[in-house]
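One structure is given here, and the rest of the page talks about it.
Rule-based calculations on the coordinates, nothing more; no lab input. Everything numeric in this text was worked out from a predicted model, so none of it was measured. Note: ideal-geometry Cβ built from the backbone for every residue, glycine included; neighbour counts use all protein chains shown.
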C-alpha cells in the first residue's frame with residue numbers, strides 16, 4: 001500500500017478545520033467585501049461616503065484612542081502583576097495565576113453589567129463615597145470614555161498579563177544577580193538588565209490587547225451611553241437601525257484593513273512569530 | 001424585494017410585545033425568540049400549512065410575544081364570541097416586505113395586519129393592500145389623522161417628555177426649552193439612538209410652535225439648527241437604543257429627564273416611587289399603528305373589514321391601553337379610560353391637543369441624512 005507523504009498526512013489533519021474556516025468565515029467575509037461595493041449601487045460610493053462623513057472619521061478616532069488607552073492601562077497593570085507573580089510570589093503563585101485567569105470564565109456581558117452596578121449614578125461606588133461624605137453629588141463614572149476604558153482594561157488585562165508572564169518565566173535571575181554583584185543599584189539592574197529582556201513579552205501583550213480592543217463591541221455599547229461610539233457599534237447601528245448593509249460592510253472592511261495595518265506596522269518592531277505563536 | 005425606504009417604526013411594535021412579556025412575566029420567551037428569529041431570517045410562515053385559511057376564519061397578524069396574546073384575548077376572542085367566526089392571532093411580524101412577497105406569490109394567508117403608516121404608504125403605492133371600506137369601518141371611531149385610504153389606525157403611541165422631579169429638586173420641566181436648560185434642570189437626559197421623535201423636540205426647544213415643526217425641519221437651516229441643539233446638550237445626553245433601556249435609565253436614576261415612548265412611561269408610572277416620575281405630553285409626537293388588509297386575503301375583504309370595525313370598540317381599546325399601554329385610536333375611548341390612566345393616555349383630548357403627529361413623509365425623505373448628522377452631533 002502506498003504511503004502518503006508526511007506533508008499530505010498533515011494536510012488531512014488540518015483539513016476539517018480549514019474547511020470550516022473557509023466555508024463559515026472566509027466565504028462570508030468575501031460576501032461582506034462584495035456587499036460593500038455593490039450595495040446600493042455598484043462602485044466605491046460607500047467608501048467615498050465613509051471618508052466624507054465626519055461621524056465615521058470621529059468614530060475611528062474614538063476607536064483608536066480607546067484601544068490605545070486600554071493598551072497603556074493594561075500594560076502598566078499587567079506588567080506589575082506579571083512581575084510580582086514571576087519574581088516574588090512563591091506559595092501564592094498558583095492562586096495569583098488563577099485570579100488572572102478567572103475573568104476568562106465569566107462572560108464579557110456579565111462583567112460589563114457588573115461595571116454598571118458599580119459605576120452607576122446610584123451605583124456601589126457613588127453610594128459608598130456619598131455615604132462616607134467624601135462627595136456631595138454623584139461622580140460621572142460611566143456613560144463616558146472613562147467608564148468604557150476602565151471596564152475594557154478589566155476585560156483585556158489577562159491578555160496583557162499572560163504573554164508578559166510567559167516571557168518573564170524565561171528570564172534567568174542570574175542576569176540581575178550579576179548586575180547587582182557588579183555594583184548596579186536595584187533600579188539600574190531592573191532598568192538596564194531586566195526590563196529590556198521583557199520587551200518582547202510587553203510588545204506581544206500590547207499587540208494582542210490593541211488589536212482585540214479595536215473590534216470591541218459589548219463593553220462600549222453598554223457603558224458608553226451612545227456617545228463613545230466605537231466602530232463596531234457604528235457598524236451594528238448602520239445595519240440594524242438603517243438596514244444600510246453597504247455602508248456597514250464598507251466600515252467593517254475598513255476596520256479589517258486598519259487592523260491589518262496595525263499588525264504590519266507592529267511586525268517591523270516585534271517578531272510576530274515569537275510574539276504570537278511561540279510560547280515558552 | 002425590500003428595496004424601498006420603510007419609515008415605519010417596527011421597533012416600537014416589537015417593544016410593545018416586550019413590555020407585555022415583562023408585565024405579565026409569563027415567559028413565552030422561547031416562542032417569541034423563535035418568532036423573531038423567523039422574522040429576522042425573512043422566512044415566511046409555512047405557506048403550505050395554512051395556505052388555504054378557511055373562509056370562515058380570520059388571521060390577524062402582529063409582532064409577537066405576549067402582545068399577540070393580549071390581542072387574541074381582547075380583540076379576537078370577543079369577536080368570535082359575537083359572531084362565531086374563529087379569529088387566530090399570528091405573531092410573526094407582518095413587515096412590508098413579507099406582505100408584498102405574500103401577495104405577489106399568490107399565497108396570501110393573512111387577513112388583517114398590524115402595520116405602520118410608512119409601510120402602508122409604500123404598500124399602497126405598490127398596490128398590494130386593499131382600500132379600507134369605510135362603509136363597514138366607522139371613520140368617526142378613529143382619529144382623523146389615522147384614517148387613510150388603505151390603512152386605519154388601530155392604536156397610538158407617543159414620544160413624550162418624562163422626568164424625575166426627585167432628581168431635579170422637586171421641579172419638572174414644562175417644555176422642551178426646559179429640557180435644554182441645564183442650569184435650572186441639571187442632570188442627564190436620555191434621547192433615542194435615532195432621530196425619530198427626537199428632532200421634533202429639539203426644534204420645539206428653539207421656541208418654534210409645534211404646528212410649524214416639520215415646516216422648519218424641511219428647510220436645510222431648520223434641520224441643522226435641530227441637530228445643533230443636540231450638539232449643545234450632548235455632555236448631558238445618554239442615548240437609549242431599546243425601550244427597555246430607556247426604562248432602565250429612569251429606574252436606576254441615571255437620567256433626570258428623557259424623551260421616551262409613552263408605552264414605557266406607562267410602565268414606569270407603576271415602578272417609580274411617588275413623586276419621582278412625571279410625564280408630559282406637551283410637545284409630544286404621536287404616531288399611529290394602522291391595520292392593513294392584503295389583496296386577496298383568504299377570509300375576504302368584508303370579513304376583514306368587519307373585524308377591524310369590531311376592534312374599534314372603545315371599551316376593548318381601553319382594555320388594550322390597560323394591558324400594554326398603547327393608546328386608543330378611537331377618540332371616544334378617552335372618556336372610558338380610568339382616571340388614574342388618563343394622564344398616560346396618548347390620545348386623551350388634553351394630551352392630543354398638545355402633540356403633533358409623526359410625519360412619515362418627512363422621514364422618508366430625510367431620515368438617512370438626519371441620522372448621520374445626529375450621530376456626528378453626539379460624538380464629534
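Distance from the Cα centroid of the stretch A:195-252 to that of the stretch B:117-168 is 40 Å (rounded to whole angstrom). Within the listed set A:184, A:151, A:250, the Gaussian network model of chain A (springs between alpha-carbon atoms below 10 Å) gives the highest mean-square fluctuation for A:184. Across all directions, the average projected area of the convex hull around the alpha carbons of the stretch B:83-226 is 13.4 nm².
Label reach from residue A:180 (point 7 Å along Cα→C-beta): in the stretch A:65-94, amide nitrogens under 14 Å belong to A:87-89. Counting, for every residue in A:241-247, the Cβ atoms of other protein chains within 10 Å of its Cβ and taking the mean gives 3.
Applying 1/(1 + (r/R0)^6) with r as the Cβ-Cβ distance of residue B:332 and residue B:270 and R0 = 22 angstrom yields a FRET efficiency of 0.25. Mean per-residue shielding of peptide A:115-123 is 3, counting Cβ atoms of other chains within 10 Å of each Cβ. Start at zero, step by 5 Å, and the Cα-Cα distances of the stretch B:165-259 spread as 3, 13, 25, 23, 20, 11, 5, 1 percent across the bins. Taking the square roots of five times each eigenvalue of the Cα gyration tensor of chain B, the equivalent ellipsoid has semi-axes of 35, 22, 19 Å, listed largest first.
Reducing the stretch A:18-38 and the stretch B:245-289 to their Cα centroids gives an inter-centroid distance of 43 Å. Here the residues B:79, B:374, ranked from fewest to most Cβ neighbours within 10 Å of their Cβ, fall in the order B:79, B:374. In the elastic network of chain B, a GNM with C-alpha springs shorter than 10 Å, the most mobile of B:189, B:231, B:264 is B:231. Spherically averaged projected area of the convex hull of Cα atoms, the stretch A:47-277: 16.5 nm².
For the protein assembly as shown, the spread of Cα coordinates along the three principal axes comes to 103, 82, 48 Å, biggest extent given first. Annotation for residue A:259 and residue A:18: the two label points, set 7 Å from Cα along the Cα-Cβ direction, are 2.3 nm apart. Summarising the label geometry, the points placed 7 Å from Cα in the beta-carbon direction at residue B:149 and residue B:181 lie 4.6 nm from one another.
For chain B, modelled as a GNM with alpha-carbon contacts under 10 angstrom, which of B:146, B:202, B:225 fluctuates the most? Of the options given, B:225 has the highest mean-square fluctuation. Radius of gyration over Kirkwood radius for the stretch B:204-254, both on Cα atoms: the Rg/Rh ratio is 1.10. Rounded to a whole number of µm²/s, how large is the Stokes-Einstein D of the stretch B:82-131 at 25 °C and 0.890 mPa s, given Rh as the Kirkwood radius over C-alpha pairs? After rounding, the answer is 206 µm²/s.
Per residue, chain B reaches -12000 deg cm²/dmol at 222 nm when only DSSP H runs of four or more residues are counted, each adding -39500 (n - 2.57).
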